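Inspection log for the structure reproduced underneath, given as structure tokens.
The values are calculated or read from the model by the stated rules, or taken from the named source; none is laboratory data. Keep in mind that this is a model prediction, so the values were computed, not measured. Here the Cβ positions follow ideal geometry from the backbone for every residue, glycine too, while neighbour counts run over all protein chains shown. Protein only, heavy atoms only, side chains kept; ligands, DNA and RNA dropped before computing areas. Shrake-Rupley method; radii C 1.70, N 1.55, O 1.52, S 1.80 Å.
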Amino acid sequence: MTAIVPWTIETSVGDVTADWLEGTLFNTAPGDEVTATFAFVSWGEPVSPRDRHGALQPLVDAARDGVTIRTGVRGGATDTGLPYYREELTGFDEVDSLLVALLPEGDRRGAVWAILRSGSDATPGTEGDVFVWELELTVLKRYEGEDRAEIEAEYGDEVL
């Protein structure tokens, strides 16, 4: 297994540092549905792996593909169509948005803006200080330094 270290998961409620992404880089093409498996361990990060893992729990709880979050491609599934997302997060007071930026340390190869569609806790039962999230996401675009408001304006669709 290859590890790509570390990653920042930027959310609307704060940034979370994952110690590594398991496997290889995921596809970063707009509209692609990807699985990203992030591990949190005790490697000197000031926030415990349990707390960093737990910080994503409200987002994973709110991410219900086809219910609280919907994704698609404007103009159909063509090479020129832009992906979009629609959120309906009523009842999830801790979550403002399922829009995240996934940012590796260093040259930012593989960095994307994406929508969290669902997640699974893949924490191994035998490791006391290792926590793992398997996140299902839809890539909106490759990260190029945009701010959250720009991405929301371009890719958000408020009609449900």
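The residues listed here are Glu152, Glu144; of these, the one that is open to solvent by 40 Å² or more (accessible area, probe 1.4 Å), acidic (Asp, Glu) and not in a loop (DSSP other than H, G, I, E, B) is Glu152.
Only one entry of Arg117, Arg86 meets the criterion of being out of contact with any helix residue (DSSP H, G or I) (no Cβ under 7 Å at 6 or more places or on another chain), open to solvent by less than 40 Å² (accessible area, probe 1.4 Å) and either part of a strand (DSSP E or B) or modelled with pLDDT of 95 or more (or both), and that entry is Arg117. Among the conditions (1) under 22 Å from Leu98 (Cβ atoms); (2) surrounded by 15 or more Cβ atoms within 10 Å (Cβ to Cβ), the only one that Gly14 does not satisfy is (2). Scanning region 31-68 for residues that are among the hydrophobic types (A, V, I, L, M, F, W, C) and either in a helix (DSSP H, G or I) or open to solvent by 30 Å² or more (accessible area, probe 1.4 Å) (or both) turns up Trp43, Val47, Ala55, Leu59, Val60, Ala62, Val67. Return only the number of the condition from (1) among the aliphatic types (A, V, I, L, M); (2) without any contact (Cβ under 8 Å) to a residue 60 or more places away in the chain; (3) assigned to a loop (DSSP other than H, G, I, E, B) that Val95 does not satisfy. (2) is the only condition that Val95 fails. Taken over region 4-34, the criterion of being within 28 Å of Gly81 (Cβ to Cβ) and in contact with an Asp or Glu (Cβ under 6 Å, 6 or more places away or on another chain) is satisfied by Ser12 alone.
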